[in-house]
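Only one structure is covered here, and it is reproduced in the block below.
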Amino acid sequence: ATREFAEAHGLSYAFEIAGWSMTSDAYHFVAPNPDTVTRWAAESIAAAGIAPADIAAVNAHGTSTKIGDTVEYGALASVFGKNIPPVSANKSQIGHAMGASSGIESVFALEGMRRGTLLPTINYLADPEIPLDCVHGEARSLDQEFVLKNAFGFGGCNSCIVFRRVR
C-alpha cells in the first residue's frame, strides 16, 4: 500500500519495496544459474536507485546445499566484491516452507529491520570456500535502512527484493 493509503486508514507506514528483480531461466530443475542470480541481485539494487554499499544486510535464500549456497555466495561476491553485508538464513530455524519461504523470510527481515536485529543462522558450519559474515550463534544488533532478500525457485524462477525502512 502507498503511504497515502496507510495514513488514510490509520495504518503505520514503516517499509517499502525500494527495488526488485525476477528471472526465469529454466537452467536446471533445482540448481540456480550463477549468471541470472547475479543479474537479479544487481538489478534489484539498481532498481532501488542505491549502491551495493547501501545494503545493510542480506536475508539469504540459504538452503544449506553446496550448490545453492555456492551460487548465492558467488552472486553476492560479484555484486558486493569483498564487502558482502552480514547474511542471515532463516531456513536454518524454520525449515524450507517451499513456496511460502520467501514470504515468511520477508516478514522476518522486515521485523528485523524494525527492531534493528539480524536473526542468527543456527547450526552454521563455516565453509572456507564461502567466506562471508554469516550471522550465527545469536542475534546481532544492526541498524538497517536497506535489506536485500533473495529467493530461488524450482526451474530457475528467482526473485530479489530490496526492502527500505521508512522513517
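The values are calculated or read from the model by the stated rules, or taken from the named source; none is laboratory data. Just so it is clear, the structure is predicted and the values come from calculations on it, not from any experiment. So basically every Cβ, Gly included, is an ideal-geometry build from the backbone, and we count neighbours across all protein chains shown. Ligands, DNA and RNA are excluded from the accessible area calculation, which covers all protein heavy atoms including side chains. Shrake-Rupley method; radii C 1.70, N 1.55, O 1.52, S 1.80 Å.
A few remarks follow.
- Candidate residues Cys157, Cys134: accessible-area rank, largest first, probe 1.4 Å: Cys157, Cys134
- The H on the amide N of Ala57, modeled in the peptide plane, is under 5 Å from the matching H of Leu148, each at least 5 residues off or on a different chain.
- All lysines inside 19 Å of Lys66 as judged from Cα atoms, apart from same-chain residues fewer than 8 positions distant: Lys91
- Given 11 as the ceiling on other Cβ atoms within 10 Å, longest exposed-site-free region of the chain for GluC sites (Glu not before Pro) in DSSP loops: 1-128
- Qualifying chymotrypsin sites (Phe, Trp or Tyr not before Pro) in the stretch 1-91, where qualification requires a DSSP coil assignment and no more than 11 other C-beta atoms within 10 Å, comprise Phe29.
- Only the Cβ atoms of Lys and Arg (+1) and of Asp and Glu (-1) were treated as charged; on that basis the dipole of the chain about its Cα centre amounts to roughly 220 debye.
- Mean separation of Cα contacts under 8 Å, 6 or more apart, over the residue count of the chain: relative contact order %: 35
- Over the chain, the hull volume per residue, using the convex hull of the C-alpha atoms, is 113 Å³.
- Distance between the pseudo-spin-label points of Val30 and Ser64 (7 Å out from Cα toward the beta carbon): 1.5 nm.
- Selection among Ile104, Val58, Ala77 by position relative to the dipole of the stretch 44-141 gives Ile104 as farthest towards the positive end (Cβ unit charges, Cα centre).
- Restricting the trypsin sites (Lys or Arg not before Pro) of the stretch 29-122 to loop positions (DSSP other than H, G, I, E, B) with no more than 14 neighbouring Cβ atoms within 10 Å leaves Lys82.
- Cβ-Cβ FRET estimate between Ala53 and Ala8, R0 fixed at 25 Å, reported to 0.05: 0.10
- Within the shell of other residues whose beta carbon sits under 10 angstrom from the beta carbon of Phe146, the net charge comes to 0, with Lys and Arg scored +1 and Asp and Glu -1.
- 222 nm mean residue ellipticity, helices alone, for the chain (DSSP H n ≥ 4; -39,500 (n - 2.57); rounded to 500): -9500 deg cm²/dmol
- Intensity falloff of the stretch 57-142 expressed as log10 I(q)/I(0), Debye formula with alpha-carbon point scatterers, at q = 0.11, 0.17 Å⁻¹: -0.27, -0.67
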